[in-house]
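To start, the structure itself, in structure tokens.
The values are calculated or read from the model by the stated rules, or taken from the named source; none is laboratory data. All of these numbers come straight from a predicted model, not from anything done at the bench. As a convention, Cβ positions derive from the backbone with ideal geometry for all residues, glycine included, and neighbour counts pool all protein chains shown.
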Amino acid sequence: MQGLYVHIPFCVRKCYYCDFYSEGGKLHLLDDYLKALLTEAEQYRGLTFDTLYIGGGTPSILGAAALEQMMRGLSGCLGLSDLEEATIEANPDTASSEFLRAAAASGISRLSIGVQSLNDDELTRSGRLHNATQALKAIDMASGCGFDDISADIIVGLPGQTTKSLENTLCSLSHSAVTHISAYCLSIEQGTEFARHPPSGLTTDEEQAELFELAARYLKENGFVHYEISNFALPGRECRHNLNYWRGGEYLGLGPGAASHLRGRRFKNAPDLQKYIVGPLADECESETLDVESKLAEEAMLRLRLLEEGLDIAELEERYGRNNVGRLLARLTKLTDAGMLVREGKRYRLPPAMVMVSNRVFTEIIN
Ligand code: SF4
């Protein structure tokens with residue numbers, strides 16, 4: 001299984017909490033960016049992919065014509081004709097019906113919408129450019145354009161968020177055409193507007209954990225499976241592109257800031273739009289080939305994120321050899337004895353109580 005990730009590093013404006021690599025107000029660079037992107041893609045001519053994920057940034061900022069141009073260019077050099085899944089991210093304020101129709105006509109089967117909340121006050125205070133009505137309209141339009149797989153991102157712990165407002169958001173989403181929900185806990189990251197000017201009304205860690213547990217409970221009661229730490233899906237609607245990532249599969253990332261894991265090597269493009277436009281083939285900023293032990297630890301951490309599937313040690317032994325897995329196994333046993341993991345035969349899983357503090361488990365595995 002091999003995935004292709006394409007990064008669209010443009011946003012209308014930066015949201016106050018966001019530390020993803022994207023640039024606000026630089027849309028005049030879009031044409032040059034698409035040329036650079038296709039130059040980078042050309043390097044991998046002939047590679048075929050099982051999944052495609054166009055993320056950002058704000059991919060819906062491309063509009064219909066630029067999206068079609070980009071998809072034509074990528075399909076001209078990369079094998080995208082047998083995709084099992086193709087996702088594009090969209091924001092409610094830029095997801096026009098023209099864009100959604102063009103996405104569907106370009107073979108994109110799945111839409112991931114940055115809803116974040118269906119409370120207008122929470123949206124405004126977080127610097128989002130849409131309101132709840134626009135978000136629900138975007139979901140309806142996507143469904144009307146033929147998208148069966150629609151995901152919504154929400155944030156837990158937004159300034160001013162309450163149990164009631166979160167429940168309202170979840171209730172509206174679970175009664176909409178949405179088949180998948182990604183729920184991320186707000187964290188204040190360096191370099192963001194929230195770090196420079198901390199907002200009032202932030203939740204404590206305990207309150208945030210309670211809100212997340214409420215969300216998990218609510219979604220479960222409404223038919224969603226909590227399949228990954230931050231992800232919930234109706235049965236069979238899990239994101240296949242991300243499943244490949246969590247299962248330690250290979251993927252190629254195109255665009256500034258995009259990470260790749262290809263032919264056993266990990267590398268990452270520098271998060272710098274201007275430099276990328278000037279020299280898209282010269283901006284690799286990190287590269288490493290992991291030794292077996294680091295690879296095993298990393299794969300174990302990724303697989304433990306999958307709450308239902310967990311980590312099957314027999315599968316790792318088969319791929320990496322029993323001797324190599326020994327040290328990892330000793331750590332997993334220690335964590336199981338401490339109640340931080342549960343074991344069923346050769347399969348390890350994160351218990352519900354550890355979901356919000358999974359980093360404690362991952363630190364023990366990696367150190
Ligand atoms: S959250 Fe999304 S829309 Fe907002 S700045 Fe970040 S990438 Fe752009």
**Prompt:** Going by the conditions given, is TYR21 of a type outside the set (D, E, K, R) and more than 9 Å from the ligand (Cβ to nearest atom)?
**Reply:** no
**Request:** Output the strands (runs of 3 or more DSSP E) that fall wholly within segment 132-245 and possess 2 or more residues being hydroxyl-bearing (Ser, Thr, Tyr) and not assigned by TED's automatic domain parsing to the domain that holds ALA353, or say none.
**Result:** 180-185
**Asked** Just for helices (runs of 4 or more DSSP H) wholly inside segment 258-339: which have at least 1 residues that are touching a residue at least 40 places away in the same chain (Cβ under 8 Å) and touching a helix residue (DSSP H, G or I) at 6+ places or on another chain (Cβ under 6 Å)?
**Response** 273-278, 292-304
**Complete:** For segment 24-57 the number of residues that are within 18 Å of ILE113 (Cα to Cα) and within 15 Å of the ligand (Cβ to nearest atom) is 5
**Asked** Residues of segment 30-43 being in contact (Cβ under 8 Å) with a residue 60 or more places away in the chain and touching a strand residue (DSSP E or B) at 6+ places or on another chain (Cβ under 8 Å), which ones?
**Response** TYR33, LEU37, GLU40, ALA41
**Request:** Please determine, by comparing only the residues of segment 60-98 that are within 16 Å of the ligand (Cβ to nearest atom) and within 18 Å of ARG240 (Cβ to Cβ), which one is surrounded by the most Cβ atoms within 10 Å (Cβ to Cβ).
**Result:** ILE88
**Single residue of LEU311, LEU304, LEU332 found to be of a type outside the set (Ser, Thr, Tyr), at pLDDT 95 or above, under 26 Å from the mean Cα position of the chain (by Cα) and farther than 30 Å from SER22 by Cβ** = LEU311
**Prompt:** How many of the residues making up segment 308-332 are under 25 Å from ALA233 (Cα atoms) and surrounded by 20 or more Cβ atoms within 10 Å (Cβ to Cβ)?
**Reply:** 1
**Selection count, segment 128-153, where residues are in contact (Cβ under 8 Å) with a residue 60 or more places away in the chain and surrounded by fewer than 18 Cβ atoms within 10 Å (Cβ to Cβ)** = 1
**Prompt:** Where residues in segment 106-117 are under 24 Å from HIS130 (Cβ atoms) and more than 15 Å from the ligand (Cβ to nearest atom), which of them is surrounded by the most Cβ atoms within 10 Å (Cβ to Cβ)?
**Reply:** ARG110
